[in-house]
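Working notes, beginning with the structure itself.
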Amino acid sequence: MSTTIGRSPVKGWLAVLAVTLGIFSLMTSELLPVGLLTPVGSAMDVSEGTAGLMVTVPGLVAAVSAPLVTVATGRIDRRIVLTLLMGLVGAANLASAFATGFAIVLAARFLIGIGVGGFWSIAGGIALRLVPEKHVPRATAVIFGGVETASVLGVPTGTIIGDHSGWRTAFAAVGILGLTALACMLFLIPKLPAEQTITFADLPKVFKGNAGVRAGIAITFLVITGHFLAYTFVRPILQDDGTDENMIGALLLTFGAAGICGNFIAGALIAKRLRQTVAGISVVLTGAMVLLALVDTDAVTAGAILILWGLGYGAVPVSFQTWILDAAPDTTEAASSLYVSTFNLSIALGALFGGLAVDGIATTSVLWIGAVLATLALLVVGRARRTTPLSAE
């Protein structure tokens, strides 16, 4: 079992904050193109569907690299691994900022996928080695808060920067943020000697032998695929509906603010109402997508719908991560690795199939498809209630 390395609580928490900044930087890097598809597509002379590959590529690579990097680097100091991955992502974002063609952008996005998958898998269980045992749950929540904050604040902030200073400036800003996180980790994280805690054989075992994990993975796949199938193209959806282009960044920031509220609401509910919270997420996301597809939006109505959507998605990371950890308390690293892979694969597939739908059917079609997937997740929750006990209830 991992133990903290003779440090004061203050130094431990500074290390936790450095890891949180790192994971915020990585997840912002992965999702940044969501708010910049139209300007990047125009600058690189590609369709919005093709531009969606900027989300698909790192998601696919992260899904594969999550278990690969975790196992392959099992004997290397974790601080070294985390800082190398952070440096890779920072450099890749700067390469995107100066790219002369879309192929270069996609190559940089490939590198970002390696960093995201490996970093997230390792960082998920690192709190146990940084702070005293009594602080581990809170520290873990803070670290995963970096994922949440990136999803709900990183994208709209990057969009606003891109709208005012150009998409290249947005990529450069995230690259500099990554290098800043790297410096913080080098100075604040202690040496963390390697501990071989997971093997490739552990992954199929925890999936096949744990019905709760299987249900959590299925719910994650359906909800995250449905969300990103639609959300990746929320900018062109709003623009096609007549929303002022200059309002897009502010609307996504509204989505982000609602997401923070959703995170806190879910955090207060999941201890005793985990299944109900996950079911509620499916209902809220379905409702938001259907409303956006049916209602003629202006800035006010679009903002109201995005608040609803943000409340639902903001509750996702803490709720789904808790489901997985609660279902597999004795195999948390293996289960978390599967969760990270599924989460990122779902981001990739959502953006990929969303792009195909946007180019081949209609822009608003992604809202209907996303709503169907979110509804299917509700059915999985209902079936899991009958077959799978969870300790949080």
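A few points about this structure:
- The single condition among (1) more than 21 Å from LEU253 (Cβ to Cβ); (2) assigned to a helix (DSSP H, G or I); (3) among the β-branched types (Val, Ile, Thr) that VAL131 does not meet is (2).
- Helices (runs of 4 or more DSSP H) (entirely within segment 186-240) containing at least 1 residues that are closer than 19 Å to SER341 by Cβ and of a type outside the set (Val, Ile, Thr): 202-208, 211-231
- Some residue of segment 166-173 being buried (at least 19 other Cβ atoms within 10 Å of the Cβ), β-branched (Val, Ile, Thr) and touching a residue at least 24 places away in the same chain (Cβ under 8 Å): no
- The number of residues in segment 189-219 that are within 23 Å of VAL71 (Cα to Cα), within 20 Å of the chain's Cα centre (by Cα) and buried (at least 21 other Cβ atoms within 10 Å of the Cβ) comes to 3.
- In segment 343-354, the condition of being surrounded by 24 or more Cβ atoms within 10 Å (Cβ to Cβ), closer than 21 Å to VAL136 by Cβ and modelled with pLDDT under 90 is met by no residue.
- When LYS11 is tested against the conditions (1) assigned to a helix (DSSP H, G or I); (2) closer than 19 Å to GLY118 by Cβ; (3) basic (Lys, Arg), the lone failure is (2).
- Some residue of segment 205-215 being at pLDDT 90 or above and under 30 Å from THR100 (Cβ atoms): no
So that you can scan it fast, the table gives a plain yes or no per residue for (1) under 16 Å from the mean Cα position of the chain (by Cα); (2) part of a helix (DSSP H, G or I); (3) closer than 24 Å to LEU356 by Cβ:
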{"position": "SER25", "(1), (2), (3)": "yes, yes, no"}
{"position": "THR28", "(1), (2), (3)": "yes, yes, no"}
{"position": "VAL40", "(1), (2), (3)": "no, yes, yes"}
{"position": "VAL46", "(1), (2), (3)": "no, no, yes"}
{"position": "VAL55", "(1), (2), (3)": "yes, yes, yes"}
{"position": "GLY59", "(1), (2), (3)": "yes, yes, yes"}
{"position": "LEU68", "(1), (2), (3)": "no, yes, no"}
{"position": "ARG75", "(1), (2), (3)": "no, no, no"}
{"position": "LEU84", "(1), (2), (3)": "no, yes, no"}
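The values are calculated or read from the model by the stated rules, or taken from the named source; none is laboratory data. In this text the structure is predicted, and so the values were computed from the model without any measurement. Note that each Cβ is placed from the backbone with ideal geometry, even for glycine, and that neighbours are counted across all protein chains shown.
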